[in-house]
Amino acid sequence: MHKARVGRWAKAKPRKPKKRESSWDYFADVYGSITWILDGTADLGLEMFYCGDVTGGGWSCLEVDSDSGYSTDGLVEATGNEELEDLFVFHGGQHQDRSWALDRRVSSPTGEFAVIPFSDTLEKLPRLAKPERIVPFGHWLYKRVVALTRIAEKNLRELV
């Protein structure tokens, strides 16, 4: 189901970021996606959801997709809030309130967008982030991966 995404990182060719390239743009260009699939006791304590928010796609705690097909059109129509069009949903788990989006209403001086929690029941966006306070996507991803890895490694050690 996720053949185009799973394992894409193995063929990635990391490079020096281009001048004024945001960490999101770098990630999208070099890696494109990252999907962790876990099951059983290895996922204890992790916020899990179905990859692509459908059954049969794997049980995941991290699903970042630069080619996300999530459309906010239905959400805009349901809420009447056109600001929701400014979101780019890049992380799975929309139906379980475990998703993330880039808020493209404002960007940092280096072209980064704020990462905000997302749910398909979202009605209004948080207050605009100050451009100088926006945390780069790469920092957000690193922090998230470290936190998830700690839990998964502990679980895996207990399995052996």
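The values are calculated or read from the model by the stated rules, or taken from the named source; none is laboratory data. Since we're looking at a predicted model, the values are computed, not measured. A quick note on method: Cβ atoms are made from the backbone with ideal geometry, for glycine too, and the neighbour counts reach across all protein chains shown. These area figures cover heavy atoms from the full protein model, side chains too; ligands, DNA and RNA do not enter into them. Shrake-Rupley method; radii C 1.70, N 1.55, O 1.52, S 1.80 Å.
Tabulated results
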item: Where N is the number of residues in the chain, Cα Rg divided by 2.2 N^0.38 Å; result: 1.08
item: Pairwise FRET efficiency - Leu159 versus Asp97, Cβ, R0 = 22 Å, nearest 0.05; result: 0.20
item: Mean ellipticity per residue at 222 nm, deg cm²/dmol - from DSSP H runs of n ≥ 4 across the chain, formula -39500 (n - 2.57); result: -7500 deg cm²/dmol
item: Nonlocal Lys pairs with alpha-carbon distance under 24 Å, the chain (8 or more apart, or different chains); result: 11
item: Accessible area, probe 1.4 Å, largest first, for residues Val135, Val160; result: Val160, Val135
item: Around Arg15: net Lys/Arg minus Asp/Glu count, Cβ-Cβ under 11 Å; result: +1
item: Computed lengthening from Arg105 to Lys11, 0.36 nm per intervening residue step minus Cα-Cα distance; result: 30.5 nm
item: Selected from Gly69, Gly138, Gly92 as most flexible by GNM, with the chain as the system and alpha-carbon contacts under 10 Å; result: Gly69
item: Residue of Glu112, Glu63, Glu123 that the Gaussian network model of the chain assigns the largest fluctuation, springs spanning Cα pairs under 10 Å; result: Glu123
item: Approximate spin-label separation Glu47-Arg150, in nm, with each point projected 7 Å along Cα-to-Cβ; result: 1.6 nm
item: Interatomic Cα distance distribution for the range 62-142, bins of 10 angstrom, percent; result: 19, 53, 27, 2
item: Extension gain (nm, one decimal) between Glu123 and Tyr142, 0.36 nm per residue minus Cα-Cα; result: 4.0 nm
